[in-house]
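Written below as structure tokens is the structure these notes are about.
We did not get these values from a lab; they are worked out from the coordinates using the rules stated. As the structure is a computational prediction, the values presented were derived from the model and not from experiment. FYI the Cβ positions are ideal-geometry reconstructions off the backbone, even for glycines, and counts take in every protein chain you see.
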Amino acid sequence: MRVLLVGFGVVSQSFAELVDHEAKKLDHDYGLRPKIVGIVDRKGAAISPAGVDVKKALNSKKRSGTLEGLGHEVYHEGRTGIDAIKDVECEVVIEATPTELTKGEPGLSHVKTAMMEGRHVICTNKGPLAIAMPALIELAHHNGVVFKFSGTVGGGTPILDFAKKCLEGSKIKSISGILNGTSNYVLSKMTAEGVAMKEALAEAQRLGYAEADPTYDVGGFDTACKLVITSNFVLGTSMSIRDLDIKGIAEVSKSDIEGARMRGNVIKLIGKVEKAARVAPQEIPMTHPLNVSGTFNAVSFDTYPAGEITLVGKGAGGKETASSVLRDLIEVRRTFAR
Ligand code: HSE
């Protein structure tokens, strides 16, 4: 299966490394032989119908921040994602450029173009979905392509597929959760070690958890994106990020955290959808199932008749999110074997 990677940041690099490392197992267990025929980053594109040398690409990116180390026969400076999506022969486009929430670009155009070119799309970029999810699902349907986006919610934790496949037959009355690994990491560090927000955020950025624009994390917008995607996918709503009431953690102080602690509580950034959807810091009891620390995400589904079901797992990180992309690719393979 020929794959074009659009965006070559933490998640794409981890994914390239993963499929390179697991090649034998993927073929043996799933009959999946992913061949990365193109990689696009913001400076240019590396294209090779025989398969881009993944190790070389990763080394080049590490050394110079570009793909030029692949040599001029493979690397084309200035070639854009749209050029590559149109020209490179492939079955699957993986859109993993950074999230942008005013217009969802360039991800939105990448996803639309790929679908119109008849490519299956796996998207880890939340922008296009937070802004235009119902239209994109319709466009995928219209063009007969698979559209998967497991990595947009929960990093490596299969929140979307769990709710869709494993809660069949149950009524989901509400969904609430911790959906941003970075804010949870920051609040956990402030709570457990008393470090300042700025310091904890810098650490989360260094570890590759934060968005390219970290105000998306601490401002609650990343949580809002994930709530929109989860609600639309699981509850069948047609929301966009503009429909949400959003408050982040920027104003949470050490004394707020200390006050909560005296009451036996912790402060967490919670996204909740019931009748309406909102994101805000909340005090919850220390014993609450959503009280997870570090980059963990936790989502509770209030269901009938089974009651509250909570799923916990790592919500950010390259390797973790790459595992979601791989699950999506296996599903594309199952649906449209080539
Ligand atoms: N910045 C995001 C987070 C990455 O911290 O959760 C995963 O979507």
**OP:** Give me the distance between the Cα centres of segment 170-196 and segment 215-274, rounded to whole Å.
**Re:** 8 Å
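So if we plug the beta-carbon distance of GLU117 and THR237 into 1/(1 + (r/R0)^6) with R0 = 25 Å, what FRET efficiency do we get, rounded to 0.05? Kindly include the intermediate steps, with their values, before the conclusion.
On the way: r = 29 Å, r/R0 = 1.16.
FRET efficiency, GLU117 to THR237: 0.30.
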Subject >> Percent of alpha-carbon pairs separated by more than 27 Å within segment 180-338 >> reply: 27 percent
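For segment 78-186, what does the convex hull of the Cα positions come to per residue, in cubic angstrom?
Numbers: hull volume 15.0 nm³, N = 109.
Hull volume over Cα atoms, normalised by residue count, gives 138 Å³.
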Original post:
Pick from ALA84, ALA204, ALA196: which residue has the top mean-square fluctuation in a GNM of the chain where Cα pairs under 10 Å get a spring?
Top reply: ALA196
Subject >> Rg/Rh for segment 177-242, where both radii come from Cα atoms and Rh is the Kirkwood radius >> reply: 1.07
Original post:
To the nearest 500 deg cm²/dmol, what mean residue ellipticity at 222 nm is calculated for the chain from DSSP H runs of n ≥ 4 alone, each contributing -39,500 (n - 2.57), summed and divided by the residues?
Top reply: -11500 deg cm²/dmol
**OP:** Quantify how much of the Cα-Cα distance distribution of segment 1-72 extends past 15 Å, in percent.
**Re:** 49 percent
Original post:
Using Cα-only point scatterers and the Debye equation, what is log10 of I(q)/I(0) for segment 228-282 at each q in 0.28 Å⁻¹, rounded to two decimals?
Top reply: -1.06
Subject >> Rule-of-thumb Rg ratio for the chain [Cα; 2.2 N^0.38 Å; N residues] >> reply: 1.00
Original post:
Between segment 136-169 and segment 21-91, what's the alpha-carbon centroid distance in Å?
Top reply: 25 Å
Original post:
Once the Cα atoms of segment 1-156 are picked out, what are the Rg and Dmax in Å?
Top reply: 14.8, 43
Original post:
For the pair ARG42 and ALA280, what calculated FRET efficiency results from E = 1/(1 + (r/R0)^6), where r is the Cβ-Cβ distance and R0 = 35 Å, to the nearest 0.05?
Top reply: 0.55
Subject >> Paramagnetic reach from HIS288 (point 7 Å along Cα→Cβ, amide N under 19 Å) across segment 164-187 >> reply: 173-187
**OP:** Any chance you could run the full-extension gain for LYS164 through LYS24? It's 0.36 nm times the residue separation minus the Cα-Cα distance, nm to one decimal.
**Re:** 47.4 nm
Subject >> Sequence-distant aspartates and glutamates (8 or more away, or on other chains) whose Cα lies within less than 19 Å of LYS55 >> reply: GLU17, ASP20, GLU22, ASP41, GLU68, GLU73
**OP:** Would you mind computing, in nm to one decimal, how far apart the modelled labels at ALA196 and ILE137 are, each placed 7 Å from Cα along Cα→Cβ?
**Re:** 4.5 nm
**OP:** Compute the length gained on full extension between SER64 and GLU203: take 0.36 nm times their separation in residues and subtract their Cα-Cα distance, giving the result in nm to one decimal.
**Re:** 47.7 nm
**OP:** Report the label-to-label distance for SER174 and LYS254 in nanometres (one decimal), using points 7 Å from each Cα along the Cα→Cβ vector.
**Re:** 3.4 nm
